[in-house]
Amino acid sequence: MAQDRALPQDAGVPDRSELGAPLVVLDKVNKNFGALHVLQDIDLTVHRGEVVVVIGPSGSGKSTLCRSINRLETIDTGTITIDGVPVPAEGKALARMRADVGMVFQSFNLFAHKTVLENVTLGPIKANGLKKSEAKALAMQLLERVGVANQADKLPAQLSGGQQQRVAIARALAMKPKVMLFDEPTSALDPEMINEVLDVMVSLAAEGMTMIVVTHEMGFARKAAHRVVFMDGGQVVEEADPETFFTAPESERAQDFLSKILTH
Amino acid sequence: MDVLVDNLPSYWAGFLVTMRLTLYSGVISLALGLVLAALRVSPIRPLRGLAATYVELLRNTPLTLVFFFLILVAPQFGVIAPLGFWTAVICLSLYTAAFVAEAVRSGINSVGVGQAEASRAIGLTFGQSLGNVILPQALRSVVPPMINVFIALTKNTSVAAGFAVVELVGSGRRISQGNPGDAVIILIGVALFYLAITIPLGVIASTVERKVAFSR
């Protein structure tokens, strides 16, 4: 859909050569849901400062891949390391690790009983031990940045979907994460709200944030991604830079997928 | 009707004992029930099993049997529970905690799974996530079933009358032994005193329900 959606022109993709050391490394990761083999020997390395877009048909395992990185989904075999440290199994160590991995969900998942401001300050206060005043200053700065500072005292239900998702991004950024995971962040949004969320994501990418983005927004992939990972049937079928992938995909399945979504 | 007025002091004494039984058992069972509910949703499987076993065992045992167990069976294992007020509180608390745990658990289940995922994703521990995100939202749907549990508890305190605690029913029985002709009136008097506890509970429930309401 909408592969040439207008995005800000100034947010160019940083050069690949600026990328740092490996940050997120998946090695031979396997997962089954009953008889369904949703992740099959997945190897994926994401470097510091890199923006990786994961695309593929529904049921291809891309969401599961994203959620397994901060262990919202457990894996059966293989290893996942973040900044050289294997993802812990449970308990405080896992909570500590999750604090370093920001996550943005398809359905926003803002805390329904807390104001926008409290949504953003909760993590810094409880998990990072910030004082209330420090957390509030940080939160207001981030809400300002994503353009919803004037909504700080409202409850999430009073905001539009696009505003809620921007708050969710601010909430994740408040933890000063090493990497941000986006699990179809615009799929639940009305079309006119998609760009306001993508704009925030593009500017994050331009600032050098490491990002793993599961999305159907081909415009975003072309604009901000260093690499596109195409998944189908639980496997990584093809990896390439966006230009190569969209103009000359190698695998038949990627060609087929692109021909279906890029016709309109 | 004179029999009610004449025996008001006896009624009042019994009423106070019933109130204290309800209050102490209510507070203890609430605390114990919350712990049990937390265990039932914890990430550690043996703890989940332990809590589930407790709930199933106590929920499916008649309250009278719980009393008999503590008074007759427990001493054989070296636990001496004297007949009286505190034994009744312990039995009522152990029994009611199972129902509290189920009410709280159903409330926890009513909160969308995304809320728990989001709180874990920002680095909150299990306890922080439960205390700051899940339970405050579960409260709204927990209040009505919880009030049912406490109304049942209020009435269940009458079982203690069979175990040497002179609460409302015990007082009623004593009064009617002295006034054999007025049994019906005396029992109606007992019922009215129960209503004096349970009706305010219902009013408190709807007030709390309005207070904790928020839009999702």
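Some values worked out for this structure:
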read-out: Residues within the range A:165-177 that are within 12 Å of chain B (Cβ to nearest Cβ) and not aliphatic (A, V, I, L, M), tallied; value: 3
read-out: The range A:203-219, residues that are surrounded by 21 or more Cβ atoms within 10 Å (Cβ to Cβ) and either within 12 Å of the chain's Cα centre (by Cα) or part of a loop (DSSP other than H, G, I, E, B) (or both); value: A:Leu204, A:Ala205, A:Thr210, A:Met211, A:Ile212, A:Val213, A:Val214, A:Thr215, A:Glu217
read-out: The range A:220-264, subset of a type in the set (Lys, Arg) and surrounded by 13 or more Cβ atoms within 10 Å (Cβ to Cβ), residue nearest to the chain's Cα centre (by Cα); value: A:Arg227
read-out: Helices (runs of 4 or more DSSP H) (entirely within the range A:62-126) containing at least 2 residues that are of a type in the set (Lys, Arg); value: A:62-69, A:91-99
read-out: Residue within the range A:140-156 that is within 23 Å of A:Met201 (Cβ to Cβ), facing another protein chain (nearest Cβ under 9 Å) and in contact (Cβ under 8 Å) with a residue 12 or more places away in the chain present; value: yes
read-out: Residues of the range B:99-115 satisfying the condition of being touching a residue at least 12 places away in the same chain (Cβ under 8 Å) and either within 28 Å of B:Asn156 (Cα to Cα) or more than 9 Å from chain A (Cβ to nearest Cβ) (or both); value: B:Phe99, B:Val100, B:Ala101, B:Glu102, B:Ala103, B:Val104, B:Arg105, B:Ser106, B:Gly107, B:Ile108, B:Ser110
read-out: Qualifying residue in the range B:86-96 (condition: closer than 17 Å to B:Leu139 by Cα, modelled with pLDDT of 95 or more and either under 16 Å from the mean Cα position of the chain (by Cα) or within 14 Å of another protein chain (Cβ to nearest Cβ) (or both)); value: no
read-out: Residue identified as surrounded by 18 or more Cβ atoms within 10 Å (Cβ to Cβ), more than 16 Å from A:Thr210 (Cβ to Cβ) and in contact with a strand residue (DSSP E or B) (Cβ under 8 Å, 6 or more places away or on another chain) among A:Gly61, A:Gly102, A:Gly78, A:Gly49; value: A:Gly61
read-out: Sole residue being within 27 Å of A:Val38 (Cβ to Cβ) and in contact with a Ser or Thr (Cβ under 7 Å, 6 or more places away or on another chain), chosen from A:Val197, A:Val213; value: A:Val197
read-out: Unmet requirement for B:Ser158, which otherwise passes all of (1) within 14 Å of chain A (Cβ to nearest Cβ); (2) among the small types (Gly, Ala, Ser); (3) closer than 23 Å to B:Arg59 by Cα; value: (1)
read-out: Residue among B:Ser129, B:Ser176 that is at pLDDT below 90, more than 25 Å from B:Glu56 (Cβ to Cβ) and not basic (Lys, Arg); value: B:Ser176
read-out: Given (1) of a type outside the set (D, E, K, R); (2) assigned to a helix (DSSP H, G or I); (3) more than 30 Å from A:Gly102 (Cα to Cα), number of the condition B:Leu83 does not satisfy; value: (2)
read-out: Subset of the range A:88-124 (residues that are facing another protein chain (nearest Cβ under 7 Å), touching a Lys or Arg at 6+ places or on another chain (Cβ under 8 Å) and more than 21 Å from A:Arg67 (Cα to Cα)); value: A:Ala112, A:Leu122
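Condition check ((1) surrounded by fewer than 18 Cβ atoms within 10 Å (Cβ to Cβ); (2) modelled with pLDDT under 95; (3) of a type in the set (Asp, Glu); (4) part of a helix (DSSP H, G or I)) across all residues:
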| site | (1), (2), (3), (4) |
| --- | --- |
| B:Leu4 | yes, yes, no, yes |
| B:Gly14 | no, yes, no, yes |
| B:Leu21 | no, yes, no, yes |
| B:Phe68 | yes, yes, no, yes |
| B:Ala74 | yes, yes, no, yes |
| B:Ala98 | no, no, no, yes |
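Residues checked against (1) among the aromatic types (Phe, Trp, Tyr); (2) surrounded by fewer than 18 Cβ atoms within 10 Å (Cβ to Cβ); (3) at pLDDT 95 or above:
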residue: B:Ser29; (1), (2), (3): no, no, yes
residue: B:Pro46; (1), (2), (3): no, yes, no
residue: B:Ala51; (1), (2), (3): no, no, yes
residue: B:Arg59; (1), (2), (3): no, yes, no
residue: B:Thr64; (1), (2), (3): no, yes, no
residue: B:Gly78; (1), (2), (3): no, yes, no
residue: B:Arg105; (1), (2), (3): no, no, no
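The values are calculated or read from the model by the stated rules, or taken from the named source; none is laboratory data. Keep in mind that what you see is a predicted model, and the values were worked out from it rather than measured. In this analysis, Cβ positions are derived from the backbone assuming ideal geometry, glycine residues included, and neighbour counts consider all displayed protein chains.
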